[in-house]
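Each value in this text was obtained by applying a stated rule to the coordinates, not by laboratory testing. The structure displayed is predicted, hence computed values, not measured ones. Neighbour counts are summed over all protein chains in view; Cβ atoms, including those assigned to glycine, are modelled from backbone coordinates with ideal geometry.
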Amino acid sequence: MAGNSQRKNRRTSNKKGATVGSGGQRRRGLEGKGPTPPAEARKGHKKNRVANAAAKRTVSAQSRRPSGRGSKSTAELVVGRNPVVEALRADIPATAVYVQQFIDNDDRVREALKLATDRGVPLLEAARPELDRLTSGLNHQGLVLQIPPYEYAHPDDLVAAAHDVGESPLIVALDGVTDPRNLGAVVRSVAAFGGHGVVVPERRAAGMTAGAWKTSAGTAARVQVARATNLTRTLESYQKAGLTVVGLAADGDVELHRLDALEGPVVVVAGSEGKGLSRLVSETCDLLVRIPMPGGAAESLNAGVAAGVVLYEASRRRA
């Protein structure tokens, strides 16, 4: 009996307690892992299973979708954690956020999920191979944002919009501008100075991508962008409707402050930085106008800046 008591005492005395110098492991274990993710992102939840099935159907449909042109652009994908978060912060339209299964949850992922949930954007969980296929192998980092196709207006819609509010049309057309940020800047200036829309060519030109939406600072939601199959023919159609077509050129015959045409119905055409207006577009313009630059430090202005200067002058004259 005495021996059994001694063995029992030894077992009791050898029982492990808290280890000194554990580095706060227990304390960190009590801190938690942040807010509970939405039901759509929680594995095993009914909404998660529904979202997964929807994601598979969408990925499959996109892989079969033929390419083509029309009044709608194709859906665009924003890929990567930082780009997705920035797009959601900028209120860029979105139809879905794809989240990789078992994603490593960091601050960017948590913010993306919260922003999407607050805006009511569906969260769709997808396996990594599905996201690889959806993004054509780009480094998506487990997050992909889908932007809906942009609904382009018809060039005639811009004139009609001006007449509907009893104003003389003030339209900007872009010739050979391929940087979406320039398009976004023009859209923002049109909104700021009371313009009625922007016209872009269907080919070899910037469209309303995520970059254009972001640069427009949300104004793309209320400014119409029209797509022209042939820019020269569209400008000729505007001339027949009574609009003056004004091209911006460094060697223009008229200085901006002498341009009385800005007080009436007008289309301002800006070309790409460096190349300027194409020959056919330049020949179609009623007037070629230059912006005086006393500083002389810059040989030319990009389309976004040049259009903004002209739109300000038009707004000042029409006030």
Requested in this report: Can you check what the net charge comes to around ASN139, using other residues whose Cβ is under 13 Å from the Cβ of ASN139 (Lys, Arg +1; Asp, Glu -1)?
Outcome: +1
Query raised in the report: Considering the zone a paramagnetic label at ALA241 would reach in this model (a point 7 Å from Cα along the Cα-to-Cβ line), which residues of the range 149-183 have amide N under 19 Å from it?
Result: 151-175
Requested in this report: For the range 166-311, give the share of DSSP beta bridges that are antiparallel, in percent and rounded to the nearest 5; count only bridges with both residues there.
Outcome: 5 percent
Query raised in the report: GluC sites (Glu not before Pro) within the range 108-173: which are DSSP loop residues with at most 15 other Cβ atoms inside 10 Å?
Result: GLU167
Query raised in the report: aspartates and glutamates within cross-link reach of LYS214: Cα-Cα under 14 Å, excluding same-chain residues under 8 positions apart?
Result: GLU76, GLU86, ASP91, ASP179
Query raised in the report: How much length is gained if the chain between ASP107 and ASP251 is pulled fully straight, taking 0.36 nm per residue apart and subtracting their Cα-Cα distance, in nm to one decimal?
Result: 46.6 nm
Report summary line: In terms of the charge dipole of the range 211-280, which places +1 on Lys and Arg and -1 on Asp and Glu at the beta carbon, the residue among LEU256, VAL268, SER237 farthest towards the positive end is SER237
Query - chymotrypsin sites (Phe, Trp or Tyr not before Pro) lying in DSSP loop within the range 72-150, provided at most 16 other Cβ fall within 10 Å - result: PHE102
Query raised in the report: Taking a point 7 angstrom from the Cα of ALA221 along the C-beta vector, which residues in the range 104-122 have backbone N less than 19 Å away?
Result: 112-122
Requested in this report: Please go through the range 213-276 and write out the trypsin sites (Lys or Arg not before Pro) that DSSP classes as loop and that have at most 12 other C-beta atoms within 10 Å.
Outcome: ARG222, LYS275
**Report entry** At R0 = 41 Å, FRET efficiency that the Cβ-Cβ distance of ASN82 and ARG258 yields, to 0.05
**Finding:** 0.30
Query raised in the report: What is the calculated FRET efficiency for TYR312 to SER136, with r their C-beta to C-beta distance and R₀ = 45 Å, to the nearest 0.05?
Result: 0.60
